[in-house]
Every structure is written in C-alpha cells, then in structure tokens.
Amino acid sequence: MKKLIFVLISIILLTACNNKVNEIESKILEVNGSKITLDVTEYVSKTDEDIGYDIVSVVEEDTEIITENGDIITSKDLLVDQKVKVLFKEPINLASNENPSLKKVIVLQ
C-alpha cells in the first residue's frame, strides 16, 4: 500500500512539473530576421508581481504563416504588437531558455 501511494504521488509531482505547451496566443514583442519574441507572461507568471516573460521563437522556411481568414502571408508581414497564435513544432517549456521552432503562425489582428 505504501508503495502504491509513493508511486501515485511521484506521478502527480512529475506531471505537475511538466508544463509543456503545444500552442499559445501572444503578442509579438520584437521581430529580428527569422526570430520573433513573444510575450509569455500569462503562461509563466503565477504571481501578481510586475515581471514580464518572453520567449524567442524561430520562424523557419517551412513555418506556415497565415491570417485569421486563412490568407497566406510571409514572415515579413509579422509586426511588433500583433496578436498571434503560434503552434510549436514540438511541446516546449515556456520557462526554459529554448528557442523553439514554429510550425504555424496565425495573425489574429
């Protein structure tokens, strides 16, 4: 019985520490060539402190970039302060210092 409880607690703790996401909605903070900086504060910050978090993501040649209406656009059309929905090529931890590649970018405004 003690082993079962230990295993269950371990699984719960491991699951809680695995904060990986496949997609987010965010505002573009910076565009620098093939990299865009996204505001991820609402996904990372668990306090009321005025601390901002961002992540630099890579727009690759095969990254699909479209508007909300489905129109195909290019990375040159991505602008600071645009709201976007991004899908990562693989699940990532937003609190890490990775530079994840993007599978798809949808410009929401």
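The values are calculated or read from the model by the stated rules, or taken from the named source; none is laboratory data. Note that the coordinates shown come from a computational prediction; the quantities given were computed from them, not determined experimentally. Please note: Cβ atoms are built from the backbone with ideal geometry, for glycine as well, and neighbour counts cover all protein chains shown.
Out of (1) at pLDDT 95 or above; (2) assigned to a helix (DSSP H, G or I), the odd one out for LYS27 is which?
Here LYS27 meets the rest and fails (2).
With GLU90, GLU61, GLU98 as the choices, which residue is assigned to a strand (DSSP E or B) and either out of contact with any strand residue (DSSP E or B) (no Cβ under 8 Å at 6 or more places or on another chain) or among the acidic types (Asp, Glu) (or both)?
The match here is GLU90.
Cβ-Cβ distance below 7 Å, separation of 6 or more or different chains: which pairs start in segment 33-58 with a residue that is exposed (fewer than 14 other Cβ atoms within 10 Å of the Cβ) and end on one that is assigned to a loop (DSSP other than H, G, I, E, B) and at pLDDT below 80?
Cβ pairs passing all conditions: ILE51/SER45.
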